[in-house]
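Trainee: For reference, the structure I am asking about is given below.
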Amino acid sequence: MKVNFINIFITFLKIGAILLGGGYVIIPIMQSELVEKRNWLNEQELCDYYCVSQCLPGIIAVNMSILVGYKLAKFKGVLASILGMSFSPFIIILLIANILNKISNIPFIDGIFWGVNLSVIVLIYLALKEMWQKSIVDLFSSIWFALILILTVLKVSPVILIISSILVGAILHLIKGEKNA
């Protein structure tokens, strides 16, 4: 498939239309659309873009679409991906915002939300499983994960944990680079 403004827009329009839930849900959807179907990214790029998107301010899905769009077609790709990713949710929110309060007490609608919540939990699990396989690869990463988990439970600021992890990752990369040289 040719990568151009229209293809990028339509792909992200589709992703935006089926994206339910928060940022964790986007990994299996983008893996299917961008890695498996279109080969626009590989799995490592997807994982890297997700990690960077979490660290940036804003919506993870839009942040990821910006990174992918830029990789595919620079600034035209960014514009196409942002418009595509944002259009469907924008229209859906406009359509349901006025009636949501009126229908939220209907048992059938309550059942729909229950079902959506369960599917989002499964998608979060799939994202966690994918990230686990790519991130926890040796003894040090297992120890670092456990340390970060403990510090999170102890209510250490996420900003400190993220910055610390960035620094540790950069130092490890430099050390590994020197050993390979």
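The values are calculated or read from the model by the stated rules, or taken from the named source; none is laboratory data. What you see is a predicted model; the values in this text were computed from it and never measured. Glycine gets a Cβ as well: all are built from the backbone with ideal geometry, and neighbour counts include every protein chain shown. Each accessible area value is taken on the protein alone, full model and side chains, heavy atoms only, with ligands, DNA and RNA left out. Shrake-Rupley method; radii C 1.70, N 1.55, O 1.52, S 1.80 Å.
Trainee: Is there any pair linking a residue in the stretch 90-104 that is surrounded by 10 or more Cβ atoms within 10 Å (Cβ to Cβ) and among the hydroxyl-bearing types (Ser, Thr, Tyr) to one that is modelled with pLDDT of 75 or more and in a helix (DSSP H, G or I), with Cβ under 9 Å and at least six apart or on different chains, and which?
Mentor: Ser104/Asp110; Ser104/Phe113
Trainee: Counting only residues that are of a type in the set (Val, Ile, Thr) and open to solvent by 50 Å² or more (accessible area, probe 1.4 Å), which one in the stretch 6-27 is farthest from Asn117 (Cα to Cα)? Explain how you work it out, then say what you get.
Mentor: We begin by selecting, within the stretch 6-27, every residue of a type in the set (Val, Ile, Thr); these are 6, 8, 10-11, 15, 18, 25-27.
Restricting the remaining residues to those that are open to solvent by 50 Å² or more (accessible area, probe 1.4 Å) gives 6, 10, 18.
Details: Ile6: 32, Ile10: 26, Ile18: 14 Å.
My answer is Ile6.
Trainee: Right, here's the next one. Of the residues that make up the stretch 166-181, is at least one farther than 23 Å from Glu45 by Cβ and at pLDDT 90 or above?
Mentor: no
Trainee: Could you list, ordered by first residue, the pairs with Cβ atoms under 6 Å in which the first is in the stretch 118-143 and open to solvent by less than 70 Å² (accessible area, probe 1.4 Å) and the second is among the small types (Gly, Ala, Ser), at least 6 apart or interchain?
Mentor: Matching pairs, first to second residue: Val120/Gly21; Ile136/Ser142.
Trainee: Still on this structure, please answer the following. Every residue in the stretch 28-50 that is open to solvent by 50 Å² or more (accessible area, probe 1.4 Å) and not in a loop (DSSP other than H, G, I, E, B), please.
Mentor: Answer for the stretch 28-50, where residues must be open to solvent by 50 Å² or more (accessible area, probe 1.4 Å) and not in a loop (DSSP other than H, G, I, E, B): Glu36, Lys37, Glu43, Gln44, Asp48.
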